[in-house]
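**Q** Before I ask anything, let me first share the structure, which is written out below as structure tokens.
The values are calculated or read from the model by the stated rules, or taken from the named source; none is laboratory data. Keep in mind it's a predicted model, so treat the numbers as computed, not measured. Cβ: placed from backbone, ideal geometry, glycine included. Neighbour counts: every protein chain shown. The protein model used for the area step is the full one, side chains on, heavy atoms only, and it has no ligands, DNA or RNA in it. Shrake-Rupley method; radii C 1.70, N 1.55, O 1.52, S 1.80 Å.
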Amino acid sequence: MKRLLIAFFKNNPGASVKSRKLAKELGLTSDHEYAALKGHLHQLVEEGFLTRQGKKYKQALTKEDRVVVGELTIHKGGYGFVIPQNSKRIGDVFVAERNLGTAFHGDLVETTLLARQSADRSKSLEGQVTRVVSRKHADITGTLKRSGSFYIVRPDLNEINRNIYVPREELLGAEPGDKVVVGEIVWDNPTLNPEGKVTRKLGKAGSPDVELAAIAEEFGLSHIFAEDALAEAGRVTDEIPKKELKKRKDIRDQVVITIDPDDAKDFDDALSIEDIKGGHRVGVHIADVGHYIEPGSALDEEAHKRGNSVYLVGKVIPMLPENLSNGVCSLKPDVDRLAYSVFIDLTHDGKVMGSSVAKTAINNKRRFTYDEAQEVIDSGKGDYVDTVRKLNGVAQLLRAKRMAEGSVNFHSDEVYFELDEDGKPTAVKRKKLKESNNLVEEFMLLANKVVAARVGAPKKGAPKPFVYRVHDRPDGEKITEFARFVKSLGYNVGKPDSISPRTINKLLEEVKDKPEEAIVNEVAIRSMAKAIYTTENIGHYGLGFSHYSHFTSPIRRYADL
């Protein structure tokens, strides 16, 4: 039994369990066996192999465990936590401000565990940073200030709470009030400020372009394109060769429309619909970005490095140069464009009868904003009213069907900023999601689902390698905490291990339009696993799909490209 206990704790590093649960795990059912188990647990505590915390037993830390290597996260309160990389048997290590040494937020550090500072055994272990293994930020962005006869840079990142001293001869021509990048930072003594030199002057702090450049520097975002990528982009023209048109399905005469936000600059998805026997054929037309970007080219490498376009207030750091993202790849109205089209045949009640995928040539007949499309839906009047209202009717069927099949219907408020002509925010307003928003979302979800299934579960032949967007089942501990939280608000979701997407949907409907709606939605979302990209398909728990991809935004997401 003693060997069994030792094996259990070695095979479950970090486990903290009560004796009754241990008995169950080891298959011990009689009172005699349980009494023997208790005796061996007491003996292992005496020998120093286990420690006891209240009613729970846990494997004791070894000498090697007391030196922890991990990433340091510094909170606004000044204290930090180290997430261990070299030990699975201990959780996050608390580091008081006085014990941070010369470490910045995000650094990889070596931390030595201290004796517990509190009698409360539920609190984290406490440690002291003894060495900075590597810096997360080689460069730090901030605003240059003058303090008496000294120059300092106040970092933009709140978590970096030490000003950086810059000698007068290392200012690179920057003046107080300039936004700058500081590099070659040296910090050996925690009682003194770090010292560095200005490596780049970005301009006067506060102007939108300078702040965008500062944010890009702060988060390591590429905001200046490589010369060879720009040169390749410059060679791309709007003209579609007749030779290329002959290879494609030409649907330029069909009514194809786009529906996007007011301020959208790149249009990578368009829609069409036509009546067929027994239902409708919906076309989801995606900009054929891959036609213009050769694998392994400078443009491909640049897009791969960026990964995505990054959207800021009133600004965007695009994945592709502007003449591609806002130009030749963008499905603008009244111009011919190359597309990758998914045609989906649906019955009148929203069931998929079949699908096909084709490279096409299209012509966007009308660019709608969400508000303009909503006006057509509500009034029954306007451009292409039949197309818009028919698409909306099918989208509503698809949404109802998706919810019935177990897709989680989260509600979360989004805000947008109104800007003046100088790009300064003048108001913050809540976005109101309308049927027109849901219309586009449903068809993008459907296209992504159909494409993933065609590749991952083909009717003929074997599945091909693919990039899936997957969402795992929620962590048991998180969902238990969620159940406890909503119970404290007067809602019952049943036993944590029986909570399903339908259970969550039922709860979200119950809290709709009530004061606690926003917080319940927020906590529900945080209780879920995070969706990730992977070549190993496990399905998408939140959507209730067995196959799901990201296919519909190749202008702004590399996974789609």
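**Q** From the set of residues in segment 310-327 that are surrounded by fewer than 19 Cβ atoms within 10 Å (Cβ to Cβ) and of a type in the set (Gly, Ala, Ser), which is nearest to the chain's Cα centre (by Cα)?
**A** Only one residue fits best here, namely GLY314.
**Q** For segment 123-148, give me each residue that is farther than 20 Å from ALA96 by Cβ and open to solvent by 80 Å² or more (accessible area, probe 1.4 Å).
**A** Hits for segment 123-148 are ARG135, LYS136, ARG146.
**Q** List every residue pair whose Cβ atoms lie under 9 Å apart, where the two residues are 6 or more positions apart in sequence or sit on different chains, the first residue falls within segment 494-518 and is within 13 Å of SER407 (Cα to Cα) and hydroxyl-bearing (Ser, Thr, Tyr), and the second residue, located anywhere, is at pLDDT below 90 and in a loop (DSSP other than H, G, I, E, B).
**A** Listed pairs, sorted by first residue: SER500/GLY406; THR503/VAL493; THR503/GLY494.
**Q** So ARG367 fits all but one of (1) in contact with a Pro (Cβ under 7 Å, 6 or more places away or on another chain); (2) farther than 24 Å from ILE240 by Cβ; what number is the exception?
**A** It fails just one condition, (2).
**Q** Identify, from the list PHE267, PHE343, the residue that is touching a residue at least 60 places away in the same chain (Cβ under 8 Å), among the hydrophobic types (A, V, I, L, M, F, W, C), touching a Leu at 6+ places or on another chain (Cβ under 9 Å) and under 24 Å from ASN438 (Cβ atoms).
**A** On inspection, the qualifying residue turns out to be PHE267.
**Q** Being touching a residue at least 60 places away in the same chain (Cβ under 8 Å), in a loop (DSSP other than H, G, I, E, B) and not charged (D, E, K, R) is the filter here; which residues of segment 178-206 pass it?
**A** Hits for segment 178-206 are TRP187, ASN189, PRO190, PRO194, ALA205.
**Q** Only one of (1) under 30 Å from VAL67 (Cβ atoms); (2) touching a Phe, Trp or Tyr at 6+ places or on another chain (Cβ under 9 Å); (3) charged (D, E, K, R); (4) part of a strand (DSSP E or B) fails for ARG131. Which number is that?
**A** It is condition (2) that ARG131 fails.
**Q** Output the number of the condition that GLU218 fails; it satisfies all remaining conditions of (1) of a type in the set (Asp, Glu); (2) within 34 Å of the chain's Cα centre (by Cα); (3) surrounded by fewer than 15 Cβ atoms within 10 Å (Cβ to Cβ).
**A** Of everything listed in (1) of a type in the set (Asp, Glu); (2) within 34 Å of the chain's Cα centre (by Cα); (3) surrounded by fewer than 15 Cβ atoms within 10 Å (Cβ to Cβ), GLU218 misses just condition (3).
**Q** Also, quick follow-up: Report the residue count in segment 165-180 for those that are at pLDDT below 95 and closer than 21 Å to ILE74 by Cβ.
**A** The number of residues fulfilling the criteria is 0.
**Q** Counting only residues that are part of a strand (DSSP E or B) and touching a Lys or Arg at 6+ places or on another chain (Cβ under 8 Å), which one in segment 280-303 is least open to solvent (accessible area, probe 1.4 Å)?
**A** The selected residue is ALA287.
**Q** While we're on this one: Please go through segment 500-516 and pick out each residue that is open to solvent by 40 Å² or more (accessible area, probe 1.4 Å) and either within 20 Å of LYS432 (Cβ to Cβ) or touching a Lys or Arg at 6+ places or on another chain (Cβ under 7 Å) (or both).
**A** Selection gives GLU509, LYS512, ASP513, LYS514, PRO515.
**Q** Taking only segment 358-371 into account, find how many residues are in contact with a helix residue (DSSP H, G or I) (Cβ under 8 Å, 6 or more places away or on another chain) and surrounded by 18 or more Cβ atoms within 10 Å (Cβ to Cβ).
**A** So the count comes out to 3.
**Q** Taking into account only those residues within segment 447-499 that are assigned to a strand (DSSP E or B) and under 24 Å from TYR340 (Cβ atoms), which is most open to solvent (accessible area, probe 1.4 Å)?
**A** Out of the qualifying residues, it is ARG469.
**Q** Okay, moving on. Can you find a residue in segment 328-341 that is touching a Pro at 6+ places or on another chain (Cβ under 9 Å), open to solvent by less than 50 Å² (accessible area, probe 1.4 Å) and modelled with pLDDT of 95 or more?
**A** Among the residues of segment 328-341, at least one is touching a Pro at 6+ places or on another chain (Cβ under 9 Å), open to solvent by less than 50 Å² (accessible area, probe 1.4 Å) and modelled with pLDDT of 95 or more, which makes the answer yes.
**Q** Next question, about the same structure. Given the conditions (1) among the polar types (S, T, N, Q); (2) part of a loop (DSSP other than H, G, I, E, B); (3) closer than 30 Å to PRO241 by Cα, which single one is not true for SER407?
**A** SER407 satisfies every listed condition except (3).
**Q** Which of (1) open to solvent by less than 70 Å² (accessible area, probe 1.4 Å); (2) modelled with pLDDT of 90 or more; (3) over 30 Å from ALA298 (Cα atoms) does GLU195 not meet, given it meets every other one?
**A** Among (1) open to solvent by less than 70 Å² (accessible area, probe 1.4 Å); (2) modelled with pLDDT of 90 or more; (3) over 30 Å from ALA298 (Cα atoms), GLU195 violates only (1).
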